[in-house]
1. Please sort 90-96, 61-67 by packing, taking for each peptide the average over its residues of neighbouring beta carbons within 10 angstrom, highest first.
2. Rolling a 1.4 angstrom probe over the protein chains, ignoring ligands and nucleic acids, what is the accessible area of residue 80 in square angstrom, nearest 10?
3. Pop out the ³J(HN,Hα) list for the stretch 89-104 in order, Karplus 6.51 cos²θ - 1.76 cosθ + 1.60 with θ = phi - 60°, rounded to Hz; leave Gly and Pro as x.
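The values are calculated or read from the model by the stated rules, or taken from the named source; none is laboratory data. Because the structure is predicted, anything quoted here is derived from the model rather than measured. Cβ placement follows ideal geometry from the backbone for every residue including glycine, while neighbour counts extend to all protein chains displayed. The protein model used for the area step is the full one, side chains on, heavy atoms only, and it has no ligands, DNA or RNA in it. Shrake-Rupley method; radii C 1.70, N 1.55, O 1.52, S 1.80 Å.
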Amino acid sequence: MTREAESPASPTHDEHLSQSHEGENGAARQEVVENLFREHNQALLAFLRARLASDQAARDVAQEAYVKLLQLDRPQEISFLRAYLYKIAANLATDHRRRQKTRDKVAAETALFEFAYAETQFRALEANRPSTS
């Protein structure tokens with residue numbers, strides 16, 4: 001039997017992805033990311049929803065993770081793209097939570113300042129109001 005006639009075992013999903021990466025052109029990279037999207041997007045969204053408690057935030061972070069995969073300089077060096085996608089997404093989710101926490105803190109401080117300012121203005125108006133006695 002010749003070597004060409006031998007049929008290797010069916011490649012795993014990650015091996016298939018790795019083989020797809022051997023050509024460094026953008027079309028091959030895009031095809032690989034599209035395959036990841038079709039096969040894993042629902043699971044990735046569930047993973048992110050659990051971390052972010054928001055469907056919209058999960059979708060935004062997932063989209064950003066796919067964009068980062070498309071921007072890789074040497075995707076053939078990453079043999080487990082699915083795991084890498086989840087790592088990117090987890091890091092982006094952490095960043096998103098940090099930004100949201102900062103926005104929430106600023107909003108709370110702003111509301112407190114606005115309340116204190118309104119209270120001060122109210123007291124000033126009351127102090128300047130002519131008495132009716």
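1. 61-67, 90-96
2. My reading of the accessible area for residue 80 is about 130 Å².
3. Values per residue, Gly and Pro as x: 4, 5, 5, 5, 5, 4, 4, 4, 4, 4, 4, 5, 4, 5, 4, 5 Hz.
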